[in-house]
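Notes for the one structure printed next.
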Amino acid sequence: MSPGPGAGSAPASLTATDKISTFSSFRIRNYRLHFFGSSVSNIGTWMQRIAQDWLVHELTGSAAAVGVTLALQFLPMLLFGLWGGVLADRFDKRKLMLGTQVLLGLTGLVLAALTLSGQVHVYHVYALAFVVGLATVVDNPARQVFVSEMVGPHLLRNAVSLNSANFQSARLIGPAVAGVVIMGVGSGWAFLFNGLSFIAPIVALLMMRTSELTPTERAPRGKGQLREGLRYVGGRPELLWPIVLLGFAGTFGYNFAIWLVAFTDHVFHADAGTYGLLNSLMAAGSVAGALLAARRGSRRMRFTVAAGLLFGVVLMVAAFAPTFLVFALLMPAIGLVSMTFQVTANAGIQLHSDPAMRGRVISLMMMVFVGGTPFGGPLMGWLTDTFGARIGLFTGGALCAGAAVGVALVLARIGGLRLRISLRAGSRGVALVPRDPEELAAA
């Protein structure tokens, strides 16, 4: 592909001394194209999610069937996630994304054709959900690594934050539009919009100036690349333990659909409109969290762990909100803290990864974060059904907070630190301080 006109006048890369604002990454033309192309397809993706669940419910009348659809969509990440990372490390990320965007668009168009023609059956939805999952296995690590090729390491955290704000903003728009479309003309038209929406990111990728990208060194083809990636992460605490913490949060903490339905129906005895309101409030908080994270430069790992701890604590507080108003007011806080934790963990893991290994590291991160859903979702659902919504939400928050404390203690021990608790006036009550030489020698 031609690099396009103006490549010779590409803007100079930002340096570590340049001040980062909320939208710093927009200074880069390739990133602007990527962002606005993704904006359109993200709205289509959220429309398809809502329409797909509604269609399955219409075809089967079963909530379990909706769960099967979600499980099939996440299953490929659990089974093949690491292979997606190998492909992202080995091949051109932009070309990989062109292929995955075409495939994702085709799934929407096929589902639209089946639905609009009246020939759709639930097994069609199952099969296409699995295909979407397969495409995501490759698309996710390629997309994550491609961000660094567009903006460079200095703006990586800013770009990751803006991408998250983009996705969460679409979460505010897509479901609302989908509801209107489904009620007005049927689910098939929502699928059609989603299929056509992928034209935007495809055009954006084709319009990019390849001379302005900073491609990472590709990993050569060879045996044992999966094991190499696992060994790489296992030997680096700055990668291993944030991924462990993300795994706990993804498995036990990011089950909002289960808890919000249960609170809406069984605690506050409200209707679907209230459920939609709670989701919108959380999405608004997520957008705010992503935009706030976009203003920050590099963060130390302790900030990520602290955000994980705060996420668990906020969930526990929300579990015993005495009134609907208090519970609703906590939704933006949950969205903000959860997105801050997710963005800082994602960017930190990328920044600590060698570029040649980054695809495998990201794929492992996503496999752990998303792949736990088929296990954590049913478990949290059983707890919620058996012991009530409050106990279910409190348990999920407690497990996340406990994991954050455990990871903090492990990292402190690795770093030669210990926990000091001081009751003296004028001193920090709780702090991490260097361990005494005698303690280090004994360890």
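The values are calculated or read from the model by the stated rules, or taken from the named source; none is laboratory data. Note that the coordinates shown come from a computational prediction; the quantities given were computed from them, not determined experimentally. Note that each Cβ is placed from the backbone with ideal geometry, even for glycine, and that neighbours are counted across all protein chains shown. Only protein heavy atoms, including side chains, enter the accessible area calculation; ligands, DNA and RNA are left aside. Shrake-Rupley method; radii C 1.70, N 1.55, O 1.52, S 1.80 Å.
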Arg27 versus Asp385: modelled label distance in nm, points set 7 Å from Cα along the beta carbon direction: 5.4
Approximate spin-label separation Arg300-Met207, in nm, with each point projected 7 Å along Cα-to-Cβ: 4.3
Distance (nanometres) between label positions extended 7 Å along Cα→Cβ at Ile173 and Val267: 3.1
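Find the Rg to Rh ratio for segment 248-328, where Rh is the Kirkwood radius over alpha-carbon pairs and Rg uses the same atoms. Show your work: numbers first, answer last.
Details: Rg = 14.5 Å, Rh = 14.3 Å.
Reported Rg/Rh (Cα atoms, Kirkwood Rh): 1.02.
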Over segment 32-104, volume per residue of the alpha carbon convex hull, in Å³: 99
With DNA, RNA and ligands ignored, accessible area of Glu212 (1.4 Å probe; Å², nearest 10): 30
Carbon/sulfur fraction of accessible area - segment 243-378, other protein chains in place, 1.4 Å, %: 70
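Please give the contour-minus-distance gain from Ala113 to Ala65: 0.36 nm per residue of separation, less the Cα-Cα distance, rounded to one decimal in nm. Working shown, then result.
Values: separation 48, 0.36 × 48 = 17.28 nm, distance 2.15 nm.
Length difference between fully extended and current span is 15.1 nm.
Under a 1.4 Å probe, what is the accessible area of segment 337-406 per residue, stated in Å²? Could you put the intermediate results ahead of the total?
Details: 2200 Å² over 70 residues.
Per residue, segment 337-406 has an accessible area of 31 Å².
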Per-selection metrics, segment 235-394 (Cα): Rg and Dmax in Å: 16.4, 52
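When you count, for each residue, the other Cβ atoms within 10 Å and take the mean per peptide, how do 320-333, 357-370, 303-316, 274-287 rank with the highest first? Working shown, then result.
Details: 320-333: 15.5, 357-370: 25.3, 303-316: 22.3, 274-287: 20.1.
Sorting 320-333, 357-370, 303-316, 274-287 by mean packing, highest first, produces 357-370, 303-316, 274-287, 320-333.
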